[in-house]
Structure formats: structure tokens, C-alpha cells
Number of protein chains: 2
Amino acid sequence: MSETLANIGEFGLIRRIKDLLNEVGVKAPRVTTGIGDDTAAFLPSPGYELLVTCDAIVEGRHFLPQHITAIDLGRRAMTLNISDIGAMGGSPLYALISLGLKAETLVGDVEALYRGFVAELNPFEAAIIGGNLTKSEGGLFIDITLIGQVEEGRAVKRSTARPGDAILVTGYPGRAAAGLQLLLRAGPGEDLRENPLVRAYNRPSHRAWEGRAIARTGCATAMIDTSDGFLGDLGHICEESRVGAELHKERLPIDADLRKAALTLDLDPYTLVLHDSDDYELIITCAPKDVGRIRDAVARAAKGVAVTEVGQITDRAGHITMFLPDGSSHSMRASGWDHFKGTVS
Amino acid sequence: MSETLANIGEFGLIRRIKDLLNEVGVKAPRVTTGIGDDTAAFLPSPGYELLVTCDAIVEGRHFLPQHITAIDLGRRAMTLNISDIGAMGGSPLYALISLGLKAETLVGDVEALYRGFVAELNPFEAAIIGGNLTKSEGGLFIDITLIGQVEEGRAVKRSTARPGDAILVTGYPGRAAAGLQLLLRAGPGEDLRENPLVRAYNRPSHRAWEGRAIARTGCATAMIDTSDGFLGDLGHICEESRVGAELHKERLPIDADLRKAALTLDLDPYTLVLHDSDDYELIITCAPKDVGRIRDAVARAAKGVAVTEVGQITDRAGHITMFLPDGSSHSMRASGWDHFKGTVS
């Protein structure tokens, strides 16, 4: 049961992965060449644009191996890519998995990673059609390329928000940030994996079903997922659309778990909501008259997902202003996680 | 001039890369969303299958940073992906670049990497449309996803070789293996970068133009690139096609550079030709009557590229037999580089 990659080798592992995918994966439509050739191949569907994204997660930087199981790690890596496809209003179709592994990695852990990938892909009838395995002395990395599709002309970009638009956000950003802080402050041997906020960090949800439903309304003027934190990603919309934003602090959604954790952690809950947090919620902009249609689309796509109107887009390019309940305001920097500066600045 | 990623940050680097691509890259056709959104998007061309491949190269494992410039590293990483598209008979269209970088990496080196990527993509009017940047403490990795296209039904697979087919190979496999051995045995400070075999290792060619021309003849029954070494990749054809192969040792192509280096290195030149070598040549199978058409197609696509007939496909599934000039024969193991076992076994 403690078989390592050094025992079975690259080609042995590829065979094991193919067997596992045949057993638990789905057959994606329109694939003409799957795993085991120089490339994968598929026939695109007429009338659709293809969407393509890649995201890597690296040991020690994006996950804490002692606090997450291999299957949850696989789910998480796939979820953040599905979230990007969803934030364009599309559906995932095909994934390619590039892994950097150590020779002493357990084969069972690699299989569990793939079970995690498949668990997230199967509901979309999406499949793994290729990839690459390599040895990496410097720690595990998982790099996923995900290909999706959206009806031609229906993709919702970051660059098309308009002054006067309402700003909406799904769910409760900040929950994953609180979960990570709880993990970082955990005592030795403390098992927090069932804590709801730690689960939000280790096993985040995507909003791809909701994103697709929103795109189909044709009402969203811009959409993005919150992978760089709420303010960071609102900042991306402002920068790409050359607009500004006004937020109302008392409208920011904070749920009971987060409020309680903020007390325990002695942190301002608004810091958790606004800054770096791996929640993969959606920020949507739309004309004020269309807010109800966006809410209805989300409600039809998924039960119980909150949609909160938190502010509006302005013509003051690059300026994000926060209004407090007493009518005062201050300007915010559109900051998010910067991998190289390593700070939320 | 010694600006690092820690100085300019992730978003600063993304802006620099966008500027560089605007300056030196081409505008690829049918792109509806480029770099800077949740995903890239494009409109596929009717009548084509899409091909997709990914390959990672990792510092210390796939390249020796002290012996290769950043621009050549970029060219090499892109070439091995273009080679995979070419080995299916397709043309590259769009690339996504996922980089794992250290905070102390020089911005100039990252820009040089991208100049290398673009130098290989521009001749195909192919463009970089997305990617991902992350910090990697454990050393640089470059993971490229390359999307290409081939006329519907024209992709040449590994799994369709037939008993009786001739086995052809382009160029001179083994040159890159010899170059690597020369580098590994170089004295301190010895600069071998202009040695033709070292150049073959650091700056390999792909055969994508030739592969496309071969696919268009409709005569190739199977095709693969030699990224796992000639025997390893012939073995992949045998395994996937459930056939065997007979090789004639005296027909294996060995050029003068390789013969000379083998003497210097005290190695059997046939070991260099047959086993692990990063040359990205093509192995092609076809009916014996079609050998001339394959040769003509290669000659039209590229001047001076040798095409050598080295043996034939048999119905003895999984068996590769080497015939010597004296009429004796021995059986060969279809081996190639195994990343986890780390040996050519």
C-alpha cells in the first residue's frame, strides 16, 4: 500500500491513471484522440467559442500538505479552473493535467488527486483528455489547463462594466481566508478539517453553474471570480473597463461563521471579506434594472446562494471608494495577492 | 538592469509581458478574448479538429541553467510542444504559458524566455493568449499548453501502424543526447554553446512543417516524435498499434558530428541514436509503396532534411528485433526516459 512512483515509473503511472479514468471518469463527447498520443484531439461544436485557462498550485504556496487530503487537493485544483470558465459564463469540457511529482510520492496519493479532479468534472460531463508527468525535486505542483465552451458572443468579460452599473457578489467572500488563518494558528495535531471555514478553504465551491445561468440572461455587463480577493478582482474589472467603483460597507455580506471566526482570530471581518481569500465567488455588474434577472438566474441555477448588491460602478477610472454608514467615505486600493511581492499591499 | 520579480510584482510582470507580446508577437486570428481575463477565448475554424498538448520543463531535470540562455530555453520549451502538434500533422495556433518562478528571478530573463517562445510561434502566426504566473521556491518550471488544428480526419495517430509498413525517421536522432553528454563532461568555464551537438540539445528543431506535409499526403499510417528516444517512441507505436518492428542496424542514420562525438565520449553511436535523446525528429510508418510520397512531402516542406527507411512493422505485437549486417538478430527493449525511475532501462 506504500507503493511509490519510483517503484512503478512514469509509464506505469500513466497506465494506472488511464485505468482509473476509464473506471470513474466520463467519456466526454467529440473527443477524437484521448490520452496516449502526441496530443489529444477533439471536434469543436459549431456555434460556440472555446474558452481556455490554466492555473497552477504549488506545494507550500497554495496548499498546506499536512492539512488537506489528496482527494480534496485534486478537487480544489480543479475547482479554481472551473471557476474561471464559469466566470466567463461557460461550461468546462476537457482538462489536461500537468503534474510535477517527487519520486517518493505515493501512487495512492496521485490516484486520489485524480479522483478529486474527476469528482469536479463529472457533473459537467467533462473529461481529462491529456497531460504531462514530470519529476520535480522542489515540491509538488499541479498545473491544470481547462477548456470550456460558451455560446458565440455570450462570454462575459472583465472589460465591459459601465458607469451606473450595480455591483453584485455571490456568497460570502472571506470564508476561505478565515479558514486559512485558523489552520495557520492551529496547535500541533489539532484537526480542523471539519471546521466549516477550513472546509471553505480546503474544498471551495465554484459558481460555474451560476455563471453560466447569468451569462445566458445576457444582462451581465462584466463578471469575474474572486480568486485574487474581492477588492483585487473588483480592481481588475475597474482597470480593464476603465471605470471606478463605490462600495457601501454595511452591505458587504458577512455570515455568522465568519463573524465568529473574526472574533476568535482578533481580525476585522471586513479585512477578511475584502482582501485575499480563495473563495471563487463571482462579482457581477449589470444595469440596475437587471439586478432582479441576475438574482433569478442564480436562484434557478443553485439553491440558497446569496446574491448581494454592494455598490455601483462610476466613471472615476481606477478609484474605489468605500462609504461608511455615517456617510463618510475613504478611498481603497484595489489590492490582491501578489505572488512575488508576497503581500496584500 | 538587475530588476527582479520581487521588485515589480506579479501584476507588474503581467503588464511587461503584455507589452512585449504586443511588440514582438503576432495577432493570432479568431481570438475573441486575449490575456487579461478569466480565460482566453477563440472561435474554432469549421472543418478542423483541435489538437491540445502540454509539456513541462523543470530546472535541473530538463535543462542546465548554466549552459543555456533564457531565450534558447524559451525556444526549446516551445519547440517540444510544437513538435507534438507537428507529430499529429497539425499547425500550432495558441499557447498558454504557466511559469513557476523564484522571487529573485530577473525580469530580463523572463522577458527573454517570452522572446524565445515568440520566435518559435511567429512563423506559424501562432500567439500566446493566456497563462499563469506563480512563485515556486523549488526551482523554475515552464509548463506550456499548445493548441493546434488539423483538417478533420487528417490527424496521424500512434495507434494505426499496420504489419508490413515501412518505418521511416527524419534527420539524425541522438545528436541532442551527444550534446548533453558533452555538456555534462565539460570542464568548469568551458563554453560549448556553439558546438553543433550542444546546439542540437539546447536549441532543437521541430519537424512540424514536415509533419503537416506528411499528414496532407494521407499516406502515413502512424507518426510520433522522438521525445522519449527513438526506441522508446517506436515502442509507443508498437504498443498502441499492437504491432512489432524489425530494424536494420546498418540503415540507422548516423551523421559525421555524432560519429566523432561518440569517439570523444567513448560511447557506442548506436546507443546515442536509439535511446533517450531530445531531438524531436519524426518516426513515420506507411505502406512500402508510399515511401516516395512521404520523402517528396518532406523535401517540399524543408530543404535538406534526411528521411531514412530503417525497418518495417511486423505482426509480432510488442517485439522489436534488430538485424545486424551479418544476418544475426537480437531483440530490443522498447525503452525510453522514465522520469521517476530516472534511468534508461
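Evaluate the stretch B:169-181: report whether one residue or more is surrounded by fewer than 24 Cβ atoms within 10 Å (Cβ to Cβ), at pLDDT 95 or above and farther than 17 Å from B:THR271 by Cα. No, every residue in the stretch B:169-181 fails to be surrounded by fewer than 24 Cβ atoms within 10 Å (Cβ to Cβ), at pLDDT 95 or above and farther than 17 Å from B:THR271 by Cα. Restricting attention to the stretch A:83-92, does a residue exist that is closer than 26 Å to B:ALA127 by Cα, in contact with a His (Cβ under 7 Å, 6 or more places away or on another chain) and within 14 Å of chain B (Cβ to nearest Cβ)? Yes, the stretch A:83-92 contains at least one residue that is closer than 26 Å to B:ALA127 by Cα, in contact with a His (Cβ under 7 Å, 6 or more places away or on another chain) and within 14 Å of chain B (Cβ to nearest Cβ). If you scan the stretch B:43-74, which residues turn out to be surrounded by fewer than 24 Cβ atoms within 10 Å (Cβ to Cβ), more than 9 Å from chain A (Cβ to nearest Cβ) and out of contact with any strand residue (DSSP E or B) (no Cβ under 7 Å at 6 or more places or on another chain)? Once the filter is applied, which keeps residues that are surrounded by fewer than 24 Cβ atoms within 10 Å (Cβ to Cβ), more than 9 Å from chain A (Cβ to nearest Cβ) and out of contact with any strand residue (DSSP E or B) (no Cβ under 7 Å at 6 or more places or on another chain), the stretch B:43-74 yields B:LEU64, B:GLN66, B:HIS67, B:ILE68, B:THR69, B:ALA70, B:ILE71, B:ASP72. B:ASP266 meets each of the listed conditions (1) touching a residue at least 60 places away in the same chain (Cβ under 8 Å); (2) more than 24 Å from B:ARG75 (Cβ to Cβ) apart from (1). With under 24 Å from A:PRO253 (Cβ atoms), assigned by TED's automatic domain parsing to the domain that holds A:ILE14 and either surrounded by fewer than 20 Cβ atoms within 10 Å (Cβ to Cβ) or not aliphatic (A, V, I, L, M) (or both) as the only criterion, which of A:GLY116, A:GLY86 stands out? A:GLY86 is the lone residue from the list that is under 24 Å from A:PRO253 (Cβ atoms), assigned by TED's automatic domain parsing to the domain that holds A:ILE14 and either surrounded by fewer than 20 Cβ atoms within 10 Å (Cβ to Cβ) or not aliphatic (A, V, I, L, M) (or both). Consider the stretch B:117-139 and keep the residues that are in contact (Cβ under 8 Å) with a residue 40 or more places away in the chain and touching a Ser or Thr at 6+ places or on another chain (Cβ under 7 Å). The one that is nearest to A:ILE144 (Cα to Cα) is B:GLY131. Could you check how many residues of the stretch B:194-204 are farther than 20 Å from B:PRO269 by Cα and either crowded, with 23+ Cβ neighbours inside 10 Å or touching a helix residue (DSSP H, G or I) at 6+ places or on another chain (Cβ under 7 Å) (or both)? Summing the residues that are farther than 20 Å from B:PRO269 by Cα and either crowded, with 23+ Cβ neighbours inside 10 Å or touching a helix residue (DSSP H, G or I) at 6+ places or on another chain (Cβ under 7 Å) (or both) in the stretch B:194-204 gives 1.
Taking the stretch B:12-35 as the search range and keeping residues that are in contact with a Lys or Arg (Cβ under 9 Å, 6 or more places away or on another chain) and among the hydrophobic types (A, V, I, L, M, F, W, C), which one is farthest from the other protein chains (Cβ to nearest Cβ)? The qualifying residue farthest from the other protein chains (Cβ to nearest Cβ) is B:VAL24. Restricting the stretch A:282-304 to residues that are outside any helix (DSSP H, G or I) and surrounded by fewer than 17 Cβ atoms within 10 Å (Cβ to Cβ) leaves a set whose member that is nearest to the chain's Cα centre (by Cα) is A:ALA302. Residues that are among the hydrophobic types (A, V, I, L, M, F, W, C) and farther than 29 Å from B:ALA56 by Cβ occur in the stretch B:263-280; there is at least one.
Residues that are closer than 24 Å to B:ARG185 by Cβ and surrounded by 22 or more Cβ atoms within 10 Å (Cβ to Cβ) occur in the stretch B:247-259; there is at least one. Cβ-Cβ distances below 6 Å connect the following pairs, each with a first residue in the stretch A:142-154 that is under 14 Å from A:GLY130 (Cα atoms) and facing chain B (nearest Cβ under 9 Å), a second residue that is surrounded by 24 or more Cβ atoms within 10 Å (Cβ to Cβ) and hydroxyl-bearing (Ser, Thr, Tyr), and a separation of six or more residues or different chains: A:ASP143/A:SER98; A:ASP143/B:SER98; A:THR145/B:THR145; A:LEU146/A:THR53; A:ILE147/A:TYR94.
Is it the case that B:ASP38 is more than 8 Å from chain A (Cβ to nearest Cβ) and outside any strand (DSSP E or B)? It is false that B:ASP38 is more than 8 Å from chain A (Cβ to nearest Cβ) and outside any strand (DSSP E or B).
The set of residues in the stretch A:162-177 that are in a loop (DSSP other than H, G, I, E, B) and within 21 Å of the chain's Cα centre (by Cα) comprises A:GLY171, A:TYR172, A:PRO173, A:GLY174. Residues in the stretch B:186-245 that are more than 12 Å from every other protein chain (Cβ to nearest Cβ), part of a loop (DSSP other than H, G, I, E, B) and either touching an Asp or Glu at 6+ places or on another chain (Cβ under 7 Å) or aromatic (Phe, Trp, Tyr) (or both): B:ARG203, B:PRO204, B:CYS219, B:GLY229, B:VAL243.
The values are calculated or read from the model by the stated rules, or taken from the named source; none is laboratory data. Quick caveat: nothing in here was measured; it's all calculated off a predicted structure. Neighbour counts are summed over all protein chains in view; Cβ atoms, including those assigned to glycine, are modelled from backbone coordinates with ideal geometry.
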